[in-house]
Amino acid sequence: MKFLGFVIVCLTGGLLLYGTMDLPDWGDPASPASTHLSDYYIEHIMEETRVPNLVTAVLADYRGYDTMFETAVVFCAGLACFLLLRDFRPKKTGISAIFPRV
Amino acid sequence: MLHVKNPGTRIIPGNEFEHMDREWVPSDRIIKTVCRILIPFIQIYALYVVAHGDFSPGGGFQGGVIFGSSLILMAISYNLKTLMKRVTEKFLSIFAATGVLIYVGLGVLAMIMGGRFLDYSMLAPLVPWDPGHIRALGMLGVEIGVGIAVMAVMVIIYVNIVSEGRHDEGL
């Protein structure tokens, strides 16, 4: 069973590595992201939003929905942590802390 | 029942008696002092990062994480009770929800003012003295909401994990 898991992990990793071969190189000026989107942002952000920080402008303005649901995801993480872990019972003391009753 | 040699002595139940469990180690004086001096500066830096999110590197997520880690530093250097006395669970829950609501509220406000959802330029009548920078101001408001939510959630996750959900003892 362990061997089977190892094989599955290796196959998945190999598949992911094979998938990265089609990605454009880092900083490739001919990649689709650099030819259309980046140019538009760099040329228009200052007149459209008047924010000198491109990252924030893209994050909070052009991609506002994305950031909103990112915040919602962070909130859900806190909520899930609270719902799973919160324990309102009093702390066990004395002998029952060392030998818990089954 | 405690047996004391001198019966005239009154035993004052102080802070130290609350923590008589096996794992608890009192914090060092150096650690306490350094953290007490450091925490306000970390918090001011966090507010700086949030406030300058649209003009320099930074923003809501980063500032919120820095602010939350300053509160976690308080829990580590003193103890968890010191933190939970200052920042209660109700406070944290309300702030986590408020942060998300600020974000969504700005979007809905833009809708009410006649634009599309999260279209900050429609909020211009609210700031008549500087309508040109309304998109920057809208982003700042949104980042403040994100910062509040991230700060509260950081502390919620830390407190729940470290004390196994009991909020009394822990790191």
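The values are calculated or read from the model by the stated rules, or taken from the named source; none is laboratory data. Here the structure is a predicted model, which is why all the values come from computation and not from measurement. Here the Cβ is made from the backbone with ideal geometry for all residues, glycine too, and neighbour counts use every protein chain on show.
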*Which one is nearest to the chain's Cα centre (by Cα), of the residues in region B:153-164 that are farther than 15 Å from A:Glu70 by Cβ and buried (at least 19 other Cβ atoms within 10 Å of the Cβ)?*
B:Val155
_Any hit, region B:34-44, residues being part of a helix (DSSP H, G or I), of a type in the set (A, V, I, L, M), surrounded by 20 or more Cβ atoms within 10 Å (Cβ to Cβ) and touching a residue at least 12 places away in the same chain (Cβ under 8 Å)_ = no
*Residues located in region B:61-75, provided they are touching a Leu at 6+ places or on another chain (Cβ under 9 Å) and either closer than 21 Å to A:Asp87 by Cα or small (Gly, Ala, Ser) (or both)*: B:Gly63, B:Ser70, B:Ile72, B:Ala75
*Flag for A:His44 being free of Cβ contacts under 8 Å to residues at least 24 places away in the same chain, within 14 Å of chain B (Cβ to nearest Cβ) and either part of a helix (DSSP H, G or I) or polar (S, T, N, Q) (or both)*: yes
*Considering only region A:9-41, how many residues are over 24 Å from the mean Cα position of the chain (by Cα) and part of a helix (DSSP H, G or I)?*
4
*Give the residue that is nearest to the other protein chains (Cβ to nearest Cβ), with candidates limited to residues of region B:128-171 that are within 30 Å of A:Val58 (Cβ to Cβ) and either of a type in the set (Asp, Glu) or in contact with a strand residue (DSSP E or B) (Cβ under 7 Å, 6 or more places away or on another chain) (or both).*
B:Glu143
*Looking at (1) within 27 Å of B:Asn160 (Cα to Cα); (2) more than 14 Å from the chain's Cα centre (by Cα); (3) aliphatic (A, V, I, L, M), which is the one condition that is false for B:Ala97?*
(2)
*Do you know which residues across region B:96-127 are in a loop (DSSP other than H, G, I, E, B) and either surrounded by fewer than 17 Cβ atoms within 10 Å (Cβ to Cβ) or without any contact (Cβ under 8 Å) to a residue 12 or more places away in the chain (or both)?*
B:Met113, B:Gly114, B:Gly115, B:Arg116, B:Phe117, B:Asp119, B:Val127
*Inspect region B:130-145 for any residue being modelled with pLDDT under 90 and touching a Pro at 6+ places or on another chain (Cβ under 7 Å) and give the result as yes or no.*
no
*Would you check if A:Phe69 is aromatic (Phe, Trp, Tyr) and within 7 Å of chain B (Cβ to nearest Cβ)?*
no
*asked:* Being touching a helix residue (DSSP H, G or I) at 6+ places or on another chain (Cβ under 8 Å), over 30 Å from B:Val159 (Cα atoms), of a type outside the set (Gly, Ala, Ser) and surrounded by 17 or more Cβ atoms within 10 Å (Cβ to Cβ) is true for just one of B:Leu137, B:Leu80. Which residue is that?
replied: B:Leu137
